[in-house]
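Written below as C-alpha cells is the structure these notes are about.
The values are calculated or read from the model by the stated rules, or taken from the named source; none is laboratory data. A quick note: this is a predicted structure, and the numbers were derived from the prediction, not measured. Because the Cβ atoms are built from the backbone with ideal geometry, glycine has one as well, and the counts that use them run over all protein chains shown. Calculation scope for accessible area: heavy atoms of the full protein, side chains included, ligands and nucleic acids excluded. Shrake-Rupley method; radii C 1.70, N 1.55, O 1.52, S 1.80 Å.
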2 protein chains.
Amino acid sequence: MGRKVAIVGIGHSKFGVRNDVNIAELAWESIKQAFESSNLEPKDIQYISVSNVGGWSGEPLPAVVVSEYAGLTGKPLHRVEAACASGSSAVFNAYNAVSSGQADIAMAIGVEKMNESPTPTVVEFIGRAGNYFWEFENFGLTFPGYYALYATAYMSKYGASEEDLCQVAIKNHYYASMNPKAQFQRKIDMPTCMNSRYIAWPLKLFDSSPITDGSAAVILASEDVAKKITDSPVWIHSIGAASGSANLSKRNDFTGLEAAQLAAKMAYKKAGLETENTAKYFDAAEVHDCFTIAEIMAYEDLGFVKRGEGYKLAKEGQTYIGGLIPVNLSGGLKAKGHPIGATGESMVVELTKQLLNKADKGRQATIKNGRAISHNVGGTGHYAYVTILGLDKPKD
Amino acid sequence: MGRKVAIVGIGHSKFGVRNDVNIAELAWESIKQAFESSNLEPKDIQYISVSNVGGWSGEPLPAVVVSEYAGLTGKPLHRVEAACASGSSAVFNAYNAVSSGQADIAMAIGVEKMNESPTPTVVEFIGRAGNYFWEFENFGLTFPGYYALYATAYMSKYGASEEDLCQVAIKNHYYASMNPKAQFQRKIDMPTCMNSRYIAWPLKLFDSSPITDGSAAVILASEDVAKKITDSPVWIHSIGAASGSANLSKRNDFTGLEAAQLAAKMAYKKAGLETENTAKYFDAAEVHDCFTIAEIMAYEDLGFVKRGEGYKLAKEGQTYIGGLIPVNLSGGLKAKGHPIGATGESMVVELTKQLLNKADKGRQATIKNGRAISHNVGGTGHYAYVTILGLDKPKD
C-alpha cells in the first residue's frame, strides 16, 4: 500500500473577514508558517495541490497566483475542488503523490476569500451547490435549507430538540474563545442561540457557520525524508473518500450523510480499525459542523455512538475535553470559521497540533491514544473525506 | 516508485457545438465507451478525478452531477483544474492513486461545455487566465494576445513567417478531416489560412483553436488488475508536471514555455530517456496547439529539435506521417477542438488508439517504437503536463 506519509509542516492564517489581504497574501500567511515549522523552502516542494472553490472573484487561476507569490513557480501544480471538502481532497492527492513515490515532499494549500464575492452573493452561490438546475432553480432550496431538511428529519425521528442543536454551538464558541485564529472569540449561552433568528427552520443564525476568509497549509513527506526534517512527525494512517448524489431527492435517508458513512468505513478499514464504537480510538476529532445538526450527524456517521444517539452526546457535554471524545476544540466551522477551500487543511493542522500537545491553553486535549480523526463534508454530503492521524507510524 | 499503471479503458465524445446534450450527458458519452472498452462497470471504480474548468454555467459542482448521471455516486471524487491542462492533471492524480495502492482502478473524466457560457463571454473568461487583476484589467491582454506575444518574439528571433505558422493549421485540419470525432472536418489550404482575419497579430482566425464542447475519459488500473482486464494494455511510463508564473511580465523568455520544458525534462528523466533529440523515441505525439505558434514551441520544448528549429519541421512537413515525428494526428486542439477540461484525456485517448493501431484510416501512425508522448499546457504556460505512454511495461 505505498510509502508511509508524515505531516512535517503546518500553517494556519487568522480566519475572519480579511479585507486587509488579497488571496495570495492570505495563502502566504499559512505557507510561510508551514515552511518555518519544517525548515523547508519552496525549492524542496515537489507537488502542490491548491484547494480553492473560487467563484467569488475574477481570478480564474488562483493556484497559479498563490503559487507565484509564494515562490513556488515551476512546481507541479493544480487546483482541486470538492466543495467544502476541497481541503481534504488536496491532502488526499498530496498523500497519494508521496505514497506513490511521485514526490518526496508535497504540499496542500487551502485558501478561500469569500467576502469579496460579487454577484451572485455568497449565499446564493453556495445554495447552488446541490443540483443547481433542479433543486435551486425549481425549488428555491438554499444551503441552510438543505441542512434544515436533515435537521427536521433527525429531530422528528429521534426526538432531538433545538436546544440540543444549540449545545453544539455553545461548545464550539467556547473553544473558539481560546483560539486566536478563530473568526469568533466570544462565548455564547443558550438564550443567545435560542433567541437568534431563524435562517431555515429549525436552524437559526447561531446554528450556522459564518462566511470566512482564511487559509491553511500542510506539508507531507515520505518516511525517509520526514526523519530528516522532524523528530515529531504526525503520520497519516488513512484517508477515506466518498461522494453522494447531486440531487437530494435521490437520497434514501435524511438522518445521516451516506457519503460520510462510506468515507468513514473506508478510513477505518484502511487503518485496521473497527467501524463501530470508535470514539475510544481517538483523543480528538474535528468534524464538519457547517450547521449544528451536521456535527450531531457526524458523531453517528463516524461511529462514535449508535444512530439516533448523537444528540445525547451534545446534550450531556460528552464532546468537551474530559468527555467521551472531544470534538472541534478549534471552535469548528461554526466559530473558528469556514473558508470552504481551506477547511480540510485547517482540520489537519488543528489535529496535528493537538497530537503534538501544541494547542492553545484551555483547549488542549489529553493525548493518550495518540490518534485523531477529521471529518470533512462537501455540499450536503455530495463529497466526504475522513482522515485518521496518529503519533505512531502506520503498520506495514 | 510505486506500482505500474496501465490504461485499460478509453472513451471520447464527438467534439463541437453540443447544444444537444447537457454536461452530464456529454460526459456520459465518453464514460460509457470507457466502460465498454474495458468491460468494467461503475462499481469497479475506486477513485475518480473529473477535470472541468467550468465557469460557463450555473452548475457549481459539475463533478457530482456528472458522477451521479454515470452511476458513480458513492465513489471517491473530486474536480481538478489546471486551466487547459486540467485533463492531464486528472490523469496524473488518478495515476498516483493507482500507483500508491490507494485504488486498483481509477478514472479520469474530462468534460467541458463552453458554448453555453453566459457573461462573461468565453473569450473574456479565458482572457483572464493569466494574472487577472494586473494583465487583463490593466493592460487588456486577451488569450490570443498572450500567445501573440510569444509568436512575435519567436518570429523575430528565428525568422519564422506567418506561412510557417499556417503549415501547422493546414496539417491539423488535414488529419481532423479523417477524425469523425473532430469539430472541423474540412481541409484548409494556405490562402484560407493566410487570408483569414487577424485575431491578435500575427495570429489569425485559422491559427486559433475553436470554442468546443466535448468529453473524454480514461480508466487506469494497476498491473495485476490490468492483466485481468485486457491483453493489450498501454502503460503510463511517466508524467512530468510543472507550473509557470501568473504574470507573463515575469517570464525570462518568450520563444518557449518554461513550464513545458520543465515538465518534459521530468517526464523524460522518470522514463529513463535523454532530454534532447527525443523525436526518435516516439511513434506519435499529441501537443497543445491552442494556437499554431504553440505547436511549434512544443516541438522545441519537448526536445524533438533544437531551439529555433521547430518552425522548420512545420515548413518541411516533418510532422506528418512519414516525417521525423507525426504530431497531432487527431487534428489537435486546432481542428479536433479544445474543450479545455477534456483536452488532456483526449490526448491520452488518441495516443492509446495510435499505439494499439486503432486510429482511423489515413491518420494511423506507423508503430515501431511503441511509445507516444502528450504535451498539455494550461493558460500560457501557467501549467504544463507531459505524459509518456508505451506498449512495453515500464522497467522496475
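At-a-glance table
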| quantity | calculated |
| --- | --- |
| Gaussian network model of chain B, Cα within-10 Å springs - most flexible of B:Gly11, B:Gly256, B:Gly74 | B:Gly74 |
| Probe 1.4 Å, protein heavy atoms only - accessible area per residue of the protein assembly as shown in square angstrom | 33 Å² |
| Prolate/oblate/rounded label for the stretch B:140-191 (Cα gyration tensor, a/c 1.5) | oblate |
| Helical contribution to [θ] at 222 nm, DSSP H n ≥ 4, -39,500 (n - 2.57), averaged over chain A, rounded to 500 | -10000 deg cm²/dmol |
| Accessible area that becomes buried as A packs against B, both chains, 1.4 Å probe, Å², nearest 100 | 4400 Å² |
| Nonlocal amide H pairs with B:Ser238, under 5 Å, H built at 1.01 Å | B:Ile388 |
| Percent of beta bridges antiparallel (DSSP, the protein assembly as shown, rounded to nearest 5) | 75 percent |
| Within a Gaussian network of chain A (alpha carbon springs, distance under 10 Å), most fluctuating of A:Ile188, A:Ile293, A:Ile236 | A:Ile188 |
| Placed amide H near B:His78: partners under 5 Å, 5+ positions off or other chain | B:Ile48, B:Val50 |
| Carbon/sulfur fraction of accessible area - the protein assembly as shown, other protein chains in place, 1.4 Å, % | 51 percent |
| Inter-copy separations for B:Glu309, label at 7 Å along Cα-Cβ, nm, ascending | 7.5 |
| All aspartates and glutamates inside 19 Å of A:Lys353 as judged from Cα atoms, apart from same-chain residues fewer than 8 positions distant | A:Glu29, A:Glu36, A:Asp231, A:Asp283, A:Glu286, A:Glu345, A:Asp392 |
| Gain on full stretching of the segment that runs from B:Arg186 to B:Glu276 - 0.36 nm per residue minus C-alpha separation | 28.9 nm |
| Proximal aspartates and glutamates to B:Lys269, defined as alpha-carbon separation beneath 15 angstrom and excluding residues fewer than eight positions away on the same chain | B:Asp301, B:Asp396 |
| Simple spin-label estimate for B:Ile321 and B:Asn195 in nanometres, 7 Å along Cα-Cβ | 3.0 nm |
| Nearby aspartates and glutamates by direct alpha-carbon distance to B:Lys204 (threshold 17 angstrom, same-chain neighbours under 8 apart not counted) | B:Glu162, B:Glu163, B:Asp164, B:Asp189, B:Asp289, B:Glu295 |
| Karplus-derived 3J(HN,Hα), 6.51/-1.76/1.60, for each residue of the stretch A:164-169, Hz, glycine and proline x | 4, 4, 4, 4, 5, 5 |
| Restraint check, A:Lys43/B:Lys358; B:Lys181/B:Lys368; A:Lys250/B:Lys334, Cα-Cα greater than 32 Å | A:Lys43/B:Lys358; A:Lys250/B:Lys334 |
| The stretch A:52-102 versus the stretch B:144-216: alpha-carbon centroid distance in Å | 32 Å |
| Whole-Hz ³J(HN,Hα) from phi, Karplus 6.51 cos²θ - 1.76 cosθ + 1.60, for the stretch A:69-76, glycine and proline x | 4, 8, x, 9, 3, x, 6, x |
| Under the Karplus curve 6.51 cos²θ - 1.76 cosθ + 1.60, θ = phi - 60°, whole-Hz ³J(HN,Hα) for the stretch B:144-150, x wherever Gly or Pro sits | x, x, 4, 5, 5, 4, 5 |
